[in-house]
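Have a look at the structure below before the remarks.
The values are calculated or read from the model by the stated rules, or taken from the named source; none is laboratory data. The structure displayed is predicted, hence computed values, not measured ones. Here the Cβ positions follow ideal geometry from the backbone for every residue, glycine too, while neighbour counts run over all protein chains shown. SASA here: full protein model, heavy atoms, side chains in, ligands and nucleic acids out. Shrake-Rupley method; radii C 1.70, N 1.55, O 1.52, S 1.80 Å.
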Amino acid sequence: MKKAIYPGSFDPVTLGHIDVIERASKLFDHLIIGVLCNSAKTPLFSVEERVKMLREVTKHLPNVEVKSFGGLTVDFARECGANGLVRGLRAVTDFEYELQIAQLNRVIAPEIDTVFLTTNLKYAYLSSSSVKEVAAYGGDISSFVTPCVEEEVHKKLK
Ligand code: ADP
C-alpha cells in the first residue's frame, strides 16, 4: 500500500491545496494531510479549526485523512507508516526552500521520499497569506477558497 503525507500549515486551506490533494490522492492509496501545530508563524485559525475545514473540503475523497502533528515532519510520516511526502511547488522561490528541506529530510529519514507536485497554473499565484490579506481588506476571496472556508475567514476577521 502506497501511503503519503501532505504536511503544511493550511491557514486556511485554499483551492491550490485542494488541487494538490486531489492529484496526490490518485497517486497514493492513502493520503494523510498533516496540519502543523507548532509552526513558528502565528496562525489565524487554530489547528482544530484548520483540521475541521480540511475534513470538510476533502470529504469527497475516501482515501484522504486529516490529522494534526507537531515536531519533525519525518517523525509524523514514520508514525503514519508513510514513505511518501507530498509538497506543492508554485514558483522558483518555493523550489529553493523545498529542495533544502527535502534534502535535509532525506538525510534524517532516507526511507521517505519527497514528491513534488507542480501547481495547477490556475492557482500558481495563490497562497493562504494572500487569501487572508485580501479578506482583511474586504476583498472577494470566492475564487481562492471553497464557500465554507470563505465563511470561516469572514467570521474570523469580523
Ligand atoms: P507551509 O507553511 O508548510 O508552506 P502551506 O499551507 O503554505 O504550508 O503549504 C503547504 C504546501 O502546499 C506547500 O508545499 C506549498 O508549497 C503548497 N502549496 C500552497 N499553495 C499552493 C498552490 N496554490 N499550488 C500548489 N501548491 C501549493
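Scanning region 1-18 for residues that are modelled with pLDDT of 95 or more and more than 10 Å from the chain's Cα centre (by Cα) yields LYS2, LYS3, ALA4, LEU15.
Of all residues in region 77-95, exactly one satisfies the criterion of being among the acidic types (Asp, Glu) and away from the ligand (no atom under 12 Å from the Cβ), namely GLU79.
Does region 129-140 include one or more residues that are part of a loop (DSSP other than H, G, I, E, B), open to solvent by less than 90 Å² (accessible area, probe 1.4 Å) and either without any contact (Cβ under 8 Å) to a residue 60 or more places away in the chain or of a type in the set (Val, Ile, Thr) (or both)? For region 129-140, residues part of a loop (DSSP other than H, G, I, E, B), open to solvent by less than 90 Å² (accessible area, probe 1.4 Å) and either without any contact (Cβ under 8 Å) to a residue 60 or more places away in the chain or of a type in the set (Val, Ile, Thr) (or both): present.
Being aromatic (Phe, Trp, Tyr) and within 20 Å of THR118 (Cα to Cα) holds for only one residue in PHE95, PHE76, and it is PHE95. The set of residues from region 96-141 being of a type in the set (Phe, Trp, Tyr) and either away from the ligand (no atom under 11 Å from the Cβ) or closer than 25 Å to HIS154 by Cβ (or both) comprises TYR123, TYR125, TYR137. Across region 56-78, what is the total count of residues that are among the charged types (D, E, K, R) and open to solvent by less than 70 Å² (accessible area, probe 1.4 Å)? Matching residues across region 56-78 total 2.
Rundown of residues vs (1) β-branched (Val, Ile, Thr); (2) modelled with pLDDT of 95 or more; (3) in contact with a strand residue (DSSP E or B) (Cβ under 6 Å, 6 or more places away or on another chain), yes/no style:
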residue	(1), (2), (3)
LEU61	no, yes, no
VAL66	yes, yes, yes
VAL86	yes, yes, yes
THR93	yes, no, no
GLN103	no, yes, no
LEU126	no, yes, no
GLY139	no, yes, no
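In this entry, VAL115 passes the filter for residues that are part of a strand (DSSP E or B), surrounded by 12 or more Cβ atoms within 10 Å (Cβ to Cβ), in contact (Cβ under 8 Å) with a residue 40 or more places away in the chain and of a type in the set (Val, Ile, Thr).
Residues that are surrounded by fewer than 17 Cβ atoms within 10 Å (Cβ to Cβ) and touching a helix residue (DSSP H, G or I) at 6+ places or on another chain (Cβ under 9 Å) within region 11-37 comprise just one, CYS37. Taking helices (runs of 4 or more DSSP H) as the structural unit, those lying wholly within region 1-93 and holding at least 1 residues that are closer than 23 Å to PRO110 by Cα correspond to 15-27, 73-80.
For (1) under 15 Å from LEU85 (Cβ atoms); (2) touching a residue at least 40 places away in the same chain (Cβ under 8 Å); (3) away from the ligand (no atom under 12 Å from the Cβ); (4) not basic (Lys, Arg), each residue gets a yes or a no:
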residue: THR14; (1), (2), (3), (4): no, yes, no, yes
residue: ILE18; (1), (2), (3), (4): no, yes, no, yes
residue: GLU22; (1), (2), (3), (4): no, no, no, yes
residue: GLY34; (1), (2), (3), (4): yes, yes, no, yes
residue: PHE45; (1), (2), (3), (4): no, yes, no, yes
residue: LYS52; (1), (2), (3), (4): no, no, yes, no
residue: VAL57; (1), (2), (3), (4): no, yes, yes, yes
